[in-house]
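After the structure tokens below, expect a handful of questions from me.
The values are calculated or read from the model by the stated rules, or taken from the named source; none is laboratory data. No experiment lies behind these values; they were computed from the predicted model shown. Reconstructed Cβ throughout: ideal geometry from the backbone, glycine too, with neighbour counts over all protein chains shown. With ligands, DNA and RNA removed, areas are computed over all heavy atoms of the protein, side chains included. Shrake-Rupley method; radii C 1.70, N 1.55, O 1.52, S 1.80 Å.
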Amino acid sequence: MVEKIKTLEELATVLDKELKNKQGSIMVYLDGVPKISHTNDIIGNCLQEWLPARFIDLGLDLEPNTHTQEFPDFIAHFDNYTIPMDIKCWNYDRSPAFDIANFDSFYKETYEKPDKLLGKYLVLGYSPNKHGFLIKYVGLKSLWELMGPGKNYPIKLQVKRGNPYAIRPINIKNYSKGFDNIYSLLQAVRDTRKLFSSPLIDELPPDKWYTDIVNGLKDNPLAKIENIDLK
């Protein structure tokens with residue numbers, strides 16, 4: 001019987017030992033002829049399907065998010081608490097191309113469900129090769145470690161037609177610095193919201209968004225379990 005994983009940190013440690021520097025391959029069979037796929041999207045998507053099944057093998061109680069367009073992908077259940085969890089994969093030879101969340105959705109959802117700010121991201125970096133791919137990076141990140149300042153905005157942000165669109169991650173491979181703590185992240189999101197006109201500013205003013213979330217987090221059970229420094 002598999003011993004149950006007790007924390008996401010323990011899960012990340014196990015996966016790092018199991019997967020780092022290990023070779024993988026994805027075979028496509030057509031008319032009985034096998035070919036190895038090297039396509040980034042296919043490798044990333046297959047890893048995101050393979051990993052949850054492996055989590056279950058390791059004894060993790062994992063519940064998929066029924067709202068597939070919202071983050072996170074899963075809720076991990078432990079004996080005395082639950083924690084949001086997301087999986088992100090990227091081509092280690094390039095800058096991360098995945099999005100963390102749509103900015104407007106992130107702004108609204110974190111106000112309504114602040115536990116999402118305390119979730120964890122399991123991040124895998126792979127390097128395609130002629131045999132398939134090699135796993136080069138396995139890491140567990142808090143949200144503020146995965147997000148950071150951008151060149152033009154307080155957070156790294158993709159903007160389309162003058163409107164904030166997707167929150168982008170820092171360059172993990174190059175050890176780009178993320179935010180120091182959850183407060184720095186919240187301040188940067190608040191300041192970014194102020195830069196763009198939107199009905200959300202009247203509906204949920206940025207300063208109120210920030211103050212209410214900070215006050216709510218001080219009594220958040222998950223924040224205490226995860227030993228997050230809340231002032």
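Hey, could you get me the Stokes-Einstein D for the range 129-231, Kirkwood radius over alpha-carbon pairs, 25 °C and 0.890 mPa s, rounded to whole µm² s⁻¹?
157 µm²/s
Which percent of the accessible area of the range 76-231 is formed by carbon and sulfur heavy atoms (probe 1.4 angstrom)?
Here carbon and sulfur together make up 45 percent of the probe-accessible area.
Turning to a different aspect of this structure: Which value does Rg/Rh take for the chain over its C-alpha atoms, Rh per Kirkwood?
Using Cα coordinates only, the ratio equals 0.99.
Let me ask something else about it. Compute the Cα gyration tensor for the range 106-172, then decide on rounded, prolate or oblate, letting a ≥ b ≥ c be the square roots of its eigenvalues: rounded whenever a/c is under 1.5, prolate when a/b is larger than b/c in the other cases, and oblate in all that remain.
oblate
From the alpha carbon gyration tensor of the range 1-50, can you work out the equivalent ellipsoid semi-axes (sqrt of 5 times each eigenvalue) and give them in Å, largest to smallest?
30, 12, 10
Another one. Using only protein heavy atoms and a 1.4 Å probe, report how much of Glu203 is accessible, in Å² to the nearest 10.
Counting only protein heavy atoms, the figure is 130 Å².
For the chain, what's the relative contact order in percent, using C-alpha pairs closer than 8 Å and at least 6 residues apart?
18 percent.
Over the range 51-116, how many percent of alpha carbon pairs lie in each 5 Å bin up to the one with the longest distance?
P(r) over the range 51-116, rounded to whole percents: 4, 14, 21, 23, 17, 14, 6, 1.
Please list, in chain and number order, the residues 5+ apart from Asn171 or on another chain whose amide H is under 5 Å from its amide H, with Hs placed from the backbone.
Answer set, sorted by chain and number: Ser176.
Which distance in Å, rounded to a whole number, links the C-alpha centroids of the range 142-208 and the range 4-82?
Using only Cα atoms, the two centres lie 27 Å from each other.
Leaving out same-chain residues fewer than 8 places away, which aspartates and glutamates sit with a Cα under 20 Å from that of Lys208?
Asp104, Glu109, Glu112, Asp115, Asp191, Asp219
Now for a separate question. Order the peptides 134-141, 161-168, 185-192 from the highest to the lowest mean number of other Cβ atoms within 10 Å of their residues.
185-192, 134-141, 161-168
Can you compute 3J(HN,Hα) from phi for each residue in the range 146-152, using the Karplus curve 6.51 cos²θ - 1.76 cosθ + 1.60 with θ = phi - 60°, rounded to whole Hz and x for Gly and Pro?
Once θ is set to phi - 60°, the couplings for the range 146-152 become 8, 9, x, x, x, 5, 10 Hz.
Taking a probe of 1.4 Å, how large is the accessible area per residue of the range 133-195, in Å²?
Heavy-atom SASA per residue in the range 133-195 reads 49 Å².
Once both labels are modelled 7 Å past Cα along the beta-carbon direction, what's the Asp31-Ser127 spacing in nm?
For Asp31 paired with Ser127, the spin-label model returns 3.6 nm.
Strictly over 22 Å apart at the Cα level, which of Lys151/Lys224; Lys17/Lys177; Lys130/Lys156; Lys22/Lys88 would you flag in this model?
Where the Cα-Cα span goes over 22 Å, the pairs concerned are Lys151/Lys224; Lys17/Lys177; Lys130/Lys156.
Kindly express, to the nearest 10 degrees and within the range 0 to 90, the angle between helix 8-19's C-alpha long axis and the longest C-alpha principal axis of the chain.
30 degrees
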